[in-house]
Amino acid sequence: MSQAAISNAPRAATADEVPVLDLTALNEGGDLAPLAERLRQACLTTGFFYVKNHGIPQDVFDGVFQATKRYFDLPEEQRMAHKMDDRFRRGFMPQGINQHPGYAPDLKESYEIGVDLPLDHPAVAAGLPLHGPNRWPAECPWLREASEAYFEAAKALGLRLTRVFAVSLGMPPDHFLQWCTNPMVQMRLFHYPPQPPVVDENAFGVAPHTDYGMITLLSQDPIGGLELQKRDGEWVSAPYIPGTLVVNLGDLFQRWTNDLYRSNLHRVVNRTGKERFSIPMFFNLDYTAPVACLPSCQSPENPPKYEPINAGDYLLSRFRTVQKYRDAAA
């Protein structure tokens, strides 16, 4: 990426392109129809929106960001002792591991957390992929405390949002909740070191990609850096807005809606010369949740475009594709 590419940031998205949705009605048991219609319009265009009045206290945000910065201030050799395990996908992931096809490795490092299930949980004992215990550094009890507080609050928000998505698609509010016995939810604490002013043209904080799953809830710091591509090809930024999270659709939602709602290319470029932190939560339903075209998204003139698949099988197939690419490029 050239010096100009980094310094010339795209314009900020307008309120029509990436709207701010007020979740007061959702959290207080109000009429979901107006909120669902605004969400639908966002999903028909960019697939991105902000949410405010989401119910997560500010001190929970402050705590997890403080703990994240404190963790990544630790010496790298100490953090490498917490390196992610292949079985449960929990723990520290150093810079250079994550790589999207066609791009250089991402310029970030992370700590991965999921739904914390004991080894004797039936799903874990059966070897169901993506299910297992978290990996918590014994010397960092503050990391666990702050991360768990935010994880539970954001997970609860994800569950509530499924109601609005269902209504936006003409389905009963609890349609998606029927597959939330053991939802697959993973969270990443991201640290982006200052990005060099001149790097490989294919190197990004996070390279352009679509998310694989259902929805992503992103909390970002004031540094910003999230950029998304509109359907006309223009890149715009989704800057930090105090008191909000960014929500975007993943590829699984595109399959559910027969391409009515689209997952959207996005990337991260740290143009500031400062370190950046962000916390995405990837919210998915149960492993066995059937991902098949919704009745409201098909007709004789518009039949289903995708074969039904379980949510977990689809996610694993996408993870394996990236792994094969990374192994081949090594």
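No value in this document is a laboratory result; all are computed from the given coordinates. Because the structure is predicted, anything quoted here is derived from the model rather than measured. All Cβ positions, glycine included, derive from the backbone under ideal geometry; neighbour counts span all protein chains shown.
About its Cα centre, the dipole of the chain is roughly 340 debye, where the only charges are +1 on Lys and Arg Cβ and -1 on Asp and Glu Cβ.
Charged neighbours of LEU217, selected by a Cβ distance under 14 Å, balance to +2 (K, R count +1; D, E count -1). Peptide packing: for 54-60, 178-184, the average count of neighbouring Cβ atoms within 10 Å per residue gives the ranking 178-184, 54-60, highest mean first. Sorting 295-303, 141-149 by their mean Cβ neighbour count within 10 Å, with the most densely packed peptide first, gives 141-149, 295-303. The mean sequence distance of close C-alpha pairs (under 8 Å, at least 6 residues apart), as a share of the length of region 3-329, puts its relative contact order at 22 percent. What the phi angles of region 263-271 give under the Karplus curve with 6.51, -1.76 and 1.60, with θ = phi - 60°, is a coupling list of 6, 10, 4, 8, 8, 10, 10, 8, 8 Hz, glycine and proline written as x. Net length available on complete extension from ALA292 to ALA12 is 97.3 nm, with 0.36 nm assigned per residue and the Cα-Cα distance removed. Antiparallel beta bridges, as assigned by DSSP with both residues in the chain, represent about 85 percent of the total such bridges.
Can you list residues whose amide H is under 5 Å from ASN264's amide H, if they're 5+ apart or on another chain and H is modeled 1.01 Å from N? For ASN264, whose amide H was placed from the backbone, the distant partners under 5 Å are ASP211, LEU249.
Straight-distance candidates among the lysines for linking to LYS83, with alpha-carbon spacing under 23 Å and chain neighbours fewer than 8 residues away dropped: LYS69, LYS108, LYS324. Taking θ as phi - 60° and the Karplus parameters 6.51, -1.76 and 1.60, the scalar couplings of region 232-241 work out to 8, x, 6, 8, 10, 9, 10, x, 4, 10 Hz in sequence order, x denoting glycine and proline.
Would you work out which of ALA238, TYR314, PRO304 lies farthest towards the positive end of the dipole of region 221-330, given +1 charges on the beta-carbon of Lys and Arg and -1 on that of Asp and Glu, about the Cα centre? Among ALA238, TYR314, PRO304, the one farthest towards the positive end of the dipole of region 221-330 is ALA238. Exposure proxy shown here: for GLU37, GLU109, the number of other Cβ atoms within 10 Å sets the order, fewest to most, as GLU37, GLU109. Note on region 174-307: dipole from Cβ charges, positive end direction compared against ASN258, TYR192, PHE176; the farthest Cα belongs to TYR192.
Taking amide H as placed 1.01 Å from N in the peptide plane, the amide H of ASN258 sits under 5 Å from that of LEU294, each at least 5 places away or on another chain. Say we join alpha carbon atoms closer than 10 Å with springs in a Gaussian network model of the chain; which of ASP116, ASP174, ASP31 then has the biggest fluctuation? In this elastic network of the chain, the residue with the biggest mean-square fluctuation among ASP116, ASP174, ASP31 is ASP31. For a quick check of your reading of the filter: which trypsin sites (Lys or Arg not before Pro) in region 19-97 sit in a DSSP loop and have no more than 16 other Cβ atoms within 10 Å? The qualifying sites are ARG87.
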